[in-house]
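Before any comments, here is the structure.
The values are calculated or read from the model by the stated rules, or taken from the named source; none is laboratory data. Model, not experiment: these values are computed from the prediction. FYI the Cβ positions are ideal-geometry reconstructions off the backbone, even for glycines, and counts take in every protein chain you see.
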Amino acid sequence: MKKGIHPENYRLVAFKDMSNGITTITKSTAATKETIEIDGVEYPLVKMEISNSSHPFYTGKIKLIDTAGRVDKFMNRYKDHMANRKK
C-alpha cells in the first residue's frame, strides 16, 4: 500500500439514525461536535436522517420521508380533486 494517503485518525464513532433510533458503532474519521454514551463508554456522535436500517430499499417497506412538507402542500392543493376521485 502507498504510504501517506490514508488518514491516521480513525476512531470508534457512533452513527445514529434519527428516524428509528438505531445506533451503529464503527471506525471513522468523521468530525463530530456531539457525543453519546453507550454501555458506559462515550463515543463521538454522527446523526443521520436515514440509514440502511430505515431506507425502504434495504427494509423492503415503503416509508414516507418528508422533511420539507412537500407532501402536505400537495395534499392541501389537490384535496378536493382527490376526494372527488374516490367517489
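Before we move on, is A14 modelled with pLDDT of 70 or more, among the aliphatic types (A, V, I, L, M), surrounded by 10 or more Cβ atoms within 10 Å (Cβ to Cβ) and part of a loop (DSSP other than H, G, I, E, B)? Taking the combined requirement at face value, the residue does not satisfy it. There is at least one residue in region 36-48 that is small (G, A, S) and modelled with pLDDT of 75 or more.
Among the residues of region 17-43, those that are among the polar types (S, T, N, Q) and either assigned to a strand (DSSP E or B) or touching a residue at least 60 places away in the same chain (Cβ under 8 Å) (or both) comprise T23, T24, T26, S28, T35. Residues that are assigned to a loop (DSSP other than H, G, I, E, B) and surrounded by 10 or more Cβ atoms within 10 Å (Cβ to Cβ) within region 1-11 comprise just one, Y10. In region 47-61, the residues that are over 16 Å from T23 (Cβ atoms) form Cβ pairs under 8 Å with partners that are surrounded by fewer than 11 Cβ atoms within 10 Å (Cβ to Cβ) and at pLDDT below 80, at six or more places apart or across chains, as follows: P56/I62.
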